[in-house]
Structure formats: C-alpha cells, structure tokens
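Student: First, the structure itself, so that you have it in front of you.
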Amino acid sequence: MLSLFLAACGGNSEGDSEGSGDSGETDTEQGSGDSGEEGASGQEYEEQTWRFITEETEGQVQYVYAQEFAKRISEKTDGAITIEPYEYGGLGSETDQVAALQDGAVEMAVMSPGFTGNMVKEGQIFALHFLFPESVEQTQEILNTSEALNTDLKAKYEEHGITPLAFWTEGATAWSSNDGLQEPSDFDGFKMRIQESPLMQESYKAYGASPQALSWSELYTALDRGTVDGQENPVFFIYDASFHEVQDTVTISNHNNYVAMTTVNTDWYNGLPEHVQKLIDETTQEMQDWIFKEQERQNSEYLEEMKNDTENPTEVIELTEEQRAEFKELALPVRDYYREEISTVNGEILDKLVEEIKAVTGE
Ligand code: 6CS
C-alpha cells in the first residue's frame, strides 16, 4: 500500500521512508538539491521537498490548508522548499495515513484525532460531547492557547512519533439522518457511523445508538444502502461529500466541534535545523486565523447551498436549548468513562482542559 502511494506521489519509497524513520536523516532534511536559496527572512534554505498528506479532497478545508501552507513556505524560502499537498485517496484509509506519517513516508499531515483513537488514548478527548463551548470562536481560542492540549496532549502524541503543531476547528459537527435526530430517543438502535475511536463509540452508546467505525471513503455508499443510518460532520463536509444526497435531514446540534491537527513526523522535525523548525512553527501559527476564516466561509456557504438545493432537498433542523440539554445530560457521564477507562493519566488532561475552558467562557 505504502509503495503504491509513494509511486503515485512520485516519491522514492526506499530512500524516503528509510531515511525519515529512525535515524532522522531524510532526503528532505539533507536537501535534495545542491544549492541553497536565501529566503525572504535572509536565511539560507537547502532545496528540498516535503510531502503533506490530508484526509480531504480538492477544495475541502484540510486540502486548501495544505495548499496555503505550501504557498507560504515557498514564498518565505524563495522557492527553495517545496511542499506537495496530497488529497485523501492515495493511501488507503485515514489510519493508513497516520502510519505513513509515523513511518516518515510523508513529513507532514493534517490528522483527525478520531483516527488515532486506538493508539493515542488521550487524543480521544475531542470525542467528548458538550465539552467545548457552543461558540466556534471560543473553541478556536481554547485550541490555540490550551496547555493541556498544546503541551500535555502533544507529548502523548510524540510518544508515537507524531508531533501536533496546532489544533484547529473545521467547524461545529452536525448530524445527518433520514428521520431527523431531535431527541435522545431518536438514537435508539440508530446505526451511527463513527471514526475509529472507542470514546466516540461510548459517546453514541450513551444516547442508545449502535455505533460503527468506517472510513469516510465508504460512507456515501454505506448511507445509501442503509448499512449505517447517519453520521456526524461539519456542514461543509456533509455537502461537499454529497452525504445530503442520501440523507433527508441535517440536525444543527452543536454537540461538538470537528478538530483537526497539523502534524509532523517527530524524528524528521527534531532533526531539522533550528531556523527551519522556526519557519514551520511560525507558519503554522499564522495559519490558525487563516484556516478559521476558511472553515467559517465554507460552512456558511454550504449551509446556504444545502438549504437552497431543490434537487436534493434536505430538512435543516436546529435543536432548541431544551433538546440540547437532554443530550448534554446523557453526555456528561461519558467524561467519567474517559477518566476511568481511556485516560492513562487519570483524566489529568481533561481536568486541566475543563479549567481552561471555564477561563475562556467565564462559566
Ligand atoms: O468524517 C470523516 O472521517 C472526515 N471528516 C472530515 C471533516 N475530514 C476528514 C475526515 O476523514
């Protein structure tokens, strides 16, 4: 699978994957060309190419993020550093992509924590419903500033060769279904598609659903055939992936945010010269505002399109505060499950994050 992917990417499977695994010596790190270029900052950069894999396709939030990142790095290094963004699809499932980053087959990846659920236990924290505030702006502020996430959770990922450089939202997640999910009893026996995370499973079992893990590449067909009854995703993704064609309703539930991480292979990153690490870090930080506006634009434009789509009509249901409260009541005990069954540090990261959230929301 990996060599197929690398062939598709035009990569050199032997040199590239061997190099960036354990030794920390990659083609890219050494520079694949001879000459150095002086970038906009006056720094010298070796000519090199980095591969940046995403879980989404052309035009979607993660992919445009990688494109913009590539553009900025190229400009700052006067073309010495090229980043090749890759759409989802070349490397099997999302969990295969996680392995590709860990093996050093790619240097950078946008990754959804849900797909590392069976490996980085603490990363499942994002599967807890009603933890982050309803406001997407406040959620992003917490993702930017949280020590629990940017220091403690980061360290947990690094134990597995993955360094998250930033966490960012792709928007609030909404539920799609045929019958219209409005109250917990609507989830009774409901076959809910989830990512590969035991905590996502627990979160939906708490509502009475019967969750099933699936890659998103299989989701359209699974919804169409009734293998699963519904799924959760930000509105832009529901519309762009055409799930609305095979689902009659979308519930604006505001039960959670879709969080993505900008990640790098830990050995590769640690082996980079300091000024190159700084270049990556600064660009990642600048991109936080950019991607926030991009997801906001896509989510609001696609919501309008979905409402106006007469060919594939979709009923958009907004939960009332009372309805949300019913779900919240069932979701809160799942935090204990996280602390007791998932966390390897007795829920310390969660407890710290809860305090950080309170500090931002004032609640
Ligand atoms: O539902 C999923 O699995 C996909 N959703 C988004 C928003 N991005 C990629 C991910 O694989």
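Student: Report the label-to-label distance for Glu296 and Asp152 in nanometres (one decimal), using points 7 Å from each Cα along the Cα→Cβ vector.
Tutor: About 2.9 nm separates the two model spin labels.
Student: Hey, another quick one. Which shape class applies to the range 137-200: rounded if a/c is under 1.5, otherwise prolate when a/b exceeds b/c and oblate if not, where a ≥ b ≥ c are the square roots of the Cα gyration tensor eigenvalues?
Tutor: Prolate shape, in that a/c is at least 1.5 and a/b is the bigger ratio.
Student: Sticking with this structure for a sec: Distance between the C-alpha centers of the range 258-306 and the range 86-130? Whole Å please.
Tutor: So the two Cα centres are separated by 15 Å.
Student: I would also like to ask the following. Need the full-extension length gain, Glu134 to Asp103, defined as separation in residues times 0.36 nm minus the C-alpha distance. One decimal, nm.
Tutor: 7.5 nm is the gain from fully extending Glu134 to Asp103.
Student: Exactly which GluC sites (Glu not before Pro) in the range 285-323 are in a DSSP loop and have at most 13 other Cβ atoms within 10 Å?
Tutor: Of the GluC sites (Glu not before Pro), the ones in loops of the range 285-323 whose Cβ has at most 13 other Cβ atoms within 10 Å are Glu311.
Student: Could I ask something else about it? Which FRET efficiency value, to the nearest 0.05, is calculated for Glu355 and Asp289 with the Förster distance at 22 angstrom and r the Cβ-Cβ distance?
Tutor: About 0.30, to the nearest 0.05.
Student: Now for a separate question. Grab the other residues whose beta carbon is less than 9 angstrom from that of Gly79, score K and R as +1, D and E as -1, and report the net.
Tutor: Net local charge, Gly79 excluded: -4.
Student: Right, next: In the full protein assembly as shown, how much of Arg297 is accessible to a 1.4 Å probe, in Å² to the nearest 10?
Tutor: Result for Arg297: roughly 100 Å² accessible.
Student: Please identify which residues in the range 155-169 have an amide N closer than 17 Å to a label point set 7 Å out from the Cα of Thr344, following the Cα→Cβ vector.
Tutor: Under 17 Å, as judged by backbone N against the label point of Thr344, lie 155-164 of the range 155-169.
Student: In terms of modelled amide H atoms, which long-range or inter-chain residues lie less than 5 Å from the amide H of Glu107?
Tutor: Residues meeting the amide H criterion: Arg51.
Student: Related question: Carbon and sulfur atoms: what percent of the 1.4 Å accessible area of the chain do they account for?
Tutor: 42 percent
Student: What distance in nm separates the simple spin-label points at Ser41 and Glu245, each placed 7 Å from Cα in the Cβ direction?
Tutor: Taking the two extended label points, one gets 4.5 nm.
Student: Please compute the Cα-Cα pair-distance distribution of the chain with 20 Å bins starting at 0, giving whole percents from short to long.
Tutor: Histogramming the chain at 20 Å steps yields 29, 57, 13, 0 percent.
Student: Here is a further query. Given H placed on each backbone N at 1.01 Å, which residues far from Tyr86 in sequence or on other chains put an amide H within less than 5 Å of it?
Tutor: Phe52, Ile53, Thr54
Student: I would also like to ask the following. Using r as the Cβ-Cβ distance of Asp336 and Glu282, and R0 as 35 Å, what FRET efficiency do you calculate, to the nearest 0.05?
Tutor: 0.30
Student: Here's a follow-up. Kindly write out, for the range 352-359 in residue order, the coupling ³J(HN,Hα) from the Karplus curve 6.51 cos²θ - 1.76 cosθ + 1.60 (θ = phi - 60°), rounded to whole Hz, with x marking Gly and Pro.
Tutor: 5, 4, 4, 5, 5, 5, 4, 4
Student: Mind listing the phi-derived Karplus ³J(HN,Hα) values for the range 142-152, rounded to whole Hz, using 6.51, -1.76 and 1.60 with θ = phi - 60°, and x for any glycine or proline?
Tutor: So the J values, rounded to whole Hz, are 5, 4, 6, 10, 5, 6, 4, 8, 6, 10, 6.
Student: With θ set to phi - 60° and the Karplus curve 6.51 cos²θ - 1.76 cosθ + 1.60, what are the ³J(HN,Hα) couplings of the range 204-216 in order, to the nearest whole Hz, using x for Gly and Pro?
Tutor: Going residue by residue, I get 7, 5, 4, 8, x, 7, 10, x, 9, 7, 8, 6, 5 Hz, with x marking Gly and Pro.
Student: State in Å² the accessible area per residue of the range 2-361; use a 1.4 Å probe, count heavy atoms of protein chains only, and round to the nearest integer.
Tutor: About 40 Å² of surface per residue is accessible.
The values are calculated or read from the model by the stated rules, or taken from the named source; none is laboratory data. As the structure is a computational prediction, the values presented were derived from the model and not from experiment. Positions of Cβ are generated from backbone atoms using ideal geometry, with glycine treated the same way; all protein chains shown enter the neighbour counts. Note: accessible area is taken over every heavy atom of the protein model, side chains too, but ligands, DNA and RNA are not part of it. Shrake-Rupley method; radii C 1.70, N 1.55, O 1.52, S 1.80 Å.
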